[in-house]
1. Which numbered condition trips up Ser325, out of (1) surrounded by fewer than 21 Cβ atoms within 10 Å (Cβ to Cβ); (2) modelled with pLDDT under 95; (3) not aromatic (Phe, Trp, Tyr)?
2. Hey, can you tell me all the residues within the stretch 72-122 that are aliphatic (A, V, I, L, M) and either part of a loop (DSSP other than H, G, I, E, B) or closer than 18 Å to Lys56 by Cα (or both)?
3. Just a yes or no: is a residue in the stretch 417-437 among the polar types (S, T, N, Q) and either outside the structural domain of Tyr370 (by TED's automatic domain parsing) or closer than 30 Å to Phe343 by Cα (or both)?
4. Check whether at least one residue in the stretch 378-390 is among the aromatic types (Phe, Trp, Tyr), more than 27 Å from the chain's Cα centre (by Cα) and not in a helix (DSSP H, G or I), and report yes or no.
5. Based on what the data block shows, is Phe417 part of a helix (DSSP H, G or I) and surrounded by 15 or more Cβ atoms within 10 Å (Cβ to Cβ)?
6. Residues Glu600, Glu573, Glu607: which one is surrounded by fewer than 21 Cβ atoms within 10 Å (Cβ to Cβ), at pLDDT below 95 and either of a type in the set (A, V, I, L, M) or farther than 18 Å from Val301 by Cβ (or both)?
7. Please state which of the following conditions Glu128 fails to meet, knowing it meets all the rest: (1) of a type outside the set (A, V, I, L, M); (2) in contact with a helix residue (DSSP H, G or I) (Cβ under 7 Å, 6 or more places away or on another chain); (3) closer than 17 Å to Gly79 by Cβ; (4) assigned to a loop (DSSP other than H, G, I, E, B).
8. Suppose we keep only residues that are among the β-branched types (Val, Ile, Thr) and surrounded by fewer than 21 Cβ atoms within 10 Å (Cβ to Cβ) within the stretch 506-537. Which one would you say is nearest to Lys408 (Cα to Cα)?
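The values are calculated or read from the model by the stated rules, or taken from the named source; none is laboratory data. Keep in mind that this is a model prediction, so the values were computed, not measured. With ideal geometry, Cβ positions are generated from the backbone for all residues, glycine too; neighbour counts draw on all protein chains shown.
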Amino acid sequence: MDRTILEVKKQLVLSMMEDKKYKPLRFKEIIAVMQVPKAEKQDLKEVLDSLIHDGKIMIDSKTRYKLANANLKVGTFSGTQRGYGFVVIEGEKEDIFIPENATKGAMNKDVVQVMIREEQTGKRREGEIVSIVERGNTEIVGTFQKSKNFGFVVPDNLKLGRDIFIPKEHTKGAVTGHKVVVKIVDFGGKDKNPEGRITEIIGHINDPGVDIMSIIKSNNLPMEFPDPVMKSLDTIPDEVDGADMAGRMDIRDLQMVTIDGEDAKDLDDAITISKNGDKYTLGVHIADVTNYVKEGSALDVEALKRGTSVYLVDRVIPMLPHKLSNGICSLNAGVDRLALSCFMDIDQKGNVVGHKIAETLVRVDRRMSYTSVKKILEDHDEAEIEEYKELVPMFEMMQELALILREKRHKRGSIDFDFPESKIILNEKGKPIDIKAYERNTATKIIEDFMLIANETIAEDYFWQELPFVYRTHENPDSEKIEKLGIFINNFGYSIKIGQDDIHPKELQKLLGKIEGTPEEALISRLTLRSMKQAKYTVTNDGHFGLSTKYYCHFTSPIRRYPDLQIHRIIKENLRGKMSEKRITHYDRILSDVARQSSETERRADEAEREVEKLKKVEYMKQFIGEQFEGVISGITTWGMYVELPNTVEGMIRVTAMKDDYYYYDEEHYMMIGEHTKKMYKLGQKVTIEVVDCDRELRTIDFELAESEEETTIEDQDNEKTASLQQTENYGKHTAKGATMNPDVDEQAIMKIVKDTYSGK
């Protein structure tokens, strides 16, 4: 149904229910009262479902529709393996706690209506689920267990909480230990497990590759491209043809390079740079993917469905087929390619004093790697300098400009946590043989700086043109979280200035600068990170807190991100003078859905990447059971402490494994305290651990404190600051990849806000 028609019909139904004479009616009764034709029954159902989703109406226990009361909210249920859960409501600071006896059979990711209880027993708001608006899981992936006359599937996602009953006739020949895909046919209820039928057997749990394929399936990541998409590739040339070159700015004579990781195949950005007096001219040239992916085509529909490329440790699931991503759309050296270019004139203070956006014809001179450019600029490697001697002046100029741009961002308050990511090395059989922290270097920072300034320039241009657009936005942190952070850091002698409503990002940047190189750096950096929100795509320009900029978008990676592809289409249409009122109306109508879908698929990709990474880390650490390592406490919960090792691997020391005392979690001070011994463990503290167990199924690593570990007691401390830091040295920066230390916070996802740049993948 058209969105405008839907809104009109919603208002009609709502007006009827708001009438004082209205009595709650069932669906069939509403059809009769409103005299809805048989052909429009489904439309009425869509209207009612939409009103429930908006939280305007509800269904009571007798399946009658009525107006919702003020305590009824709509949100997404987040389950736990313990049976209870939380409802996350968009726009509200605090989740609603749902006790186990009040879930009404809701499963993880279900959209639900929750009634908030007026009388609260604890700190967190509580509620009970009234109805399930929309199921979040129709298919699940799990491990099959066979019984004599039936079977059941244990979901891989522990948040789903309950096993799925499988009648014998729907087991599809699966045997115990098979990883399977199950279609749920009956969601069960409070006292009845869901029932399903097996639709696919992925393979046995011990077969190579089944583990990662299970994660791909459970996150509903599309692998194969549909036939219409593959057939459409027949019309796409292998090389740029003459007709496509017509009317473009020919810049093939400019010295141009790409700089990427050694294993990158989808090269979607290239750089040119020159200097005239005190002014730099930086050219950021992005592959013109929209020349081949037309709006509404099979390629376009599939790209929007995927939303983003997904980078797993052993494979890439691309947004576009390889013929495009690695072929005609990849800015490979020595061949003609189509691009959308942003030329920026930048002064010595980093200000963009002029810019031009143009459709261009490019030819890259050399395909450079981050490693090679680092060797030239950081290591001054003579062999590397000789190999690329004609390009060395270009790289030196890039470094000059990047430092200027970085300094300007720093002055305005842009936050950079600089957390390294995990780099997992696999052998030819897919087994992890090494894990280390992947550090940024001079070359990666240069590209980040250039992509950032291009994204900002494009966003500001189109904001002032007042045209429909997709922005990358990052909201200010919740004032409550910032207030808690301010109180906590006072214990260490630090402070942050908080305005009437908001904090300026420069305050957090200054805080991170003050703690750099101090023992408390790890602790405060992590707590500052946790105060942040996630970035998302929006049609309104709400600014980007983490980057401290009013204007930001994603323009630089259309091969692997749909929002970039979408705004390329808008930019080109505008450059060609075709942005008519009709087209503006068209974009106003579709862009909200594009932004929402792009944000959702980004979250889905992050989840899959994180799960695969956790799996490979567990697999890697299994060989070290019984060995000891030094790590840092990276998270504390009521059931234990997470410890992170220098190679970014994280494991848990469970409270039940701390046998010398009963330990409780002091949430206010991020501390685990022994009730009798008064031994104390705090976030950021360095400890020695022993690896005791690795569970591939649960993707968990268990640590225990090494017997030689010297604990600190509260009585040992002279003051709160010493108590926090007695055993803590400067541990350096810690990873965010795979770092799900706290059940309330997903740090890897939040890191998107502080590393919201070109990733180099």
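1. Of the numbered conditions (1) surrounded by fewer than 21 Cβ atoms within 10 Å (Cβ to Cβ); (2) modelled with pLDDT under 95; (3) not aromatic (Phe, Trp, Tyr), the odd one out for Ser325 is (1).
2. Listed by number, the residues that qualify are Leu72, Val74, Val87, Val88, Ile89, Ala106, Met107, Val111, Val112, Val114, Met115, Ile116.
3. no
4. Yes, the stretch 378-390 has at least one match.
5. no
6. Glu607
7. (4)
8. Per the criteria, the residue is Ile515.
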